[in-house]
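Report on one structure; see the data block that follows.
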There are 4 protein chains.
Amino acid sequence: MATHSENPLIDTARLEAVLTEFARARDWDSFHNPRNLLLALTGEVGELAEIFQWKTDAEAEAIMATPEAEHVRQEVADVFLYLMRIAMVLGIDLDAAVRNKIEMNARKYPPKQRD
Amino acid sequence: MATHSENPLIDTARLEAVLTEFARARDWDSFHNPRNLLLALTGEVGELAEIFQWKTDAEAEAIMATPEAEHVRQEVADVFLYLMRIAMVLGIDLDAAVRNKIEMNARKYPPKQRD
Amino acid sequence: MATHSENPLIDTARLEAVLTEFARARDWDSFHNPRNLLLALTGEVGELAEIFQWKTDAEAEAIMATPEAEHVRQEVADVFLYLMRIAMVLGIDLDAAVRNKIEMNARKYPPKQRD
Amino acid sequence: MATHSENPLIDTARLEAVLTEFARARDWDSFHNPRNLLLALTGEVGELAEIFQWKTDAEAEAIMATPEAEHVRQEVADVFLYLMRIAMVLGIDLDAAVRNKIEMNARKYPPKQRD
């Protein structure tokens, strides 16, 4: 799909192979077009938001010490899996995109000067 | 943060180190609490959705051959960066969470039988 | 809350009275702050998106003739109810905000000229 | 579109007439299908979320006394306008849907007993 960097920040090659086979074995490829996956991503972000909607910031920060921790982990994974599929069906090298965006952010938001 | 698997599907260790330093150098840690990051994630998903909102499915599938490709890559990266930060501040091992969710999905949606 | 227009486009006064009493009777006011309600709104938009995520445009347009129609109606109502609550807790006159935005849109997007 | 109630909680008839004419005059009807409007709604919710993403709950509650108030009003209006369009293109009577959902919520969450 893309020439991978010598110095990647993330390596998603094995995950992409697993997800490609997972979709193929279930005949899901025809459903996994960009707009469908975007609506699915919106749905999963909504499920993650619902876990936190009535919590204070303090409760949110302590959530992984509660029985809701597993639910949080699953929804974070779901958001990531649909985002990965969006990158895959669009042919986006996620590592390259992330490295480029971090460089852009570094120029836009220079580090604080310290004495 | 977590014991990493012998057989990870994704490796985010270098990205996490970069993002930790990036936030530290800009005094952003106090802003990066779970609910703030969730609203930021919602914002970035919204920006990604806006690129596709008036496109047909065919136009969406062909978008990476258009001048909008770079914008798409940047928004996909932004969504991922905030999701990674959510995982980091909550102490979630993204690789373990993803592997667990794929196993759950494999049980929930068995592959199609083929003759 | 606000001086209502002589020519409103929407009238939400009765709904606002009902929702005020509904929240009061359940001691929900302390939970209904702007950021909580925004996360709740995100959750409901996600639930609406999930109904449509694997549908074609043609299936989506025909959905109200299917057994999913009632589910769609409920999720549209849920999105609206949280948006109304956001307007209420922020003291926003929704009718005035809507009329102002339509005027802005009319200037930004002039009607097509026709012969 | 629908038989309106004798006791509506909201009245959107004039808004619907204005939006119908607004879309017609700009040839927007072909773009305003359910999935497009859902992605547009997601985009506007994202813009609203971005206003609040780095604010504390206290700052969020005081936002309408700041110069950001007008921006908040515009984004709340944008979210509502796309939701109204979704209801319109699907033929949903928003008032009926809202009244039904409030009745469902009243049964699901009975008021607190008081002595």
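Once every DSSP H run of n ≥ 4 in the protein assembly as shown is given -39500 (n - 2.57) and the sum is divided by its residues, what mean residue ellipticity at 222 nm do you get, rounded to the nearest 500 deg cm²/dmol? Working shown, then result.
Values: 20 runs with 296 residues, N = 460.
Dividing the helical sum by the residues of the protein assembly as shown leaves -21000 deg cm²/dmol.
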Just the Cα atoms of chain D: what Rg and Dmax do they give in Å?
17.6, 59
Distance between the C-alpha centers of region C:39-74 and region B:92-115? Whole Å please.
25
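Write down the Å³ per residue value for the convex hull defined by the alpha carbon atoms of region D:64-115. Numbers along the way, then the final one.
Details: hull volume 6.2 nm³, N = 52.
It is 119 Å³ per residue.
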Separation between the D:Glu21 and A:Met64 pseudo-spin-labels, each 7 Å from Cα along Cα→Cβ, expressed in nm?
5.7
Fewest first, what order do B:Lys55, C:Lys112, A:Lys108 take by the number of other Cβ atoms within 10 Å?
A:Lys108, C:Lys112, B:Lys55
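Helix by helix through chain B, keep the DSSP H runs that span 30 Å or more along the axis on Cα and average at least 0.5 on Kyte-Doolittle, and give those back in order. Numbers along the way, then the final one.
Details: long enough: B:69-90 (32 Å, 0.78).
TM-like helix candidates: B:69-90.
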Alpha carbons only, please: Rg and Dmax for region D:1-56, in angstrom.
15.8, 44
Among the listed pairs A:Lys108/D:Lys55; C:Lys101/D:Lys112; C:Lys112/D:Lys55; A:Lys101/B:Lys112; C:Lys55/C:Lys108, which have their C-alpha atoms separated by more than 31 angstrom in this model?
C:Lys101/D:Lys112; C:Lys112/D:Lys55; A:Lys101/B:Lys112; C:Lys55/C:Lys108
Beyond 42 Å, what percent of the Cα pairs of the protein assembly as shown remain?
17
May I ask you to derive the relative contact order of chain D, considering only C-alpha pairs under 8 Å and at least 6 residues apart, and to give it as an integer percent?
47
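Taken together, the values in this text are just the output of simple stated rules run on the coordinates, not laboratory data. Computed from a predicted structure; not experimentally measured. Heads up, the Cβs are rebuilt from the backbone with ideal geometry, glycines too, and the neighbour counts pull from every protein chain shown.
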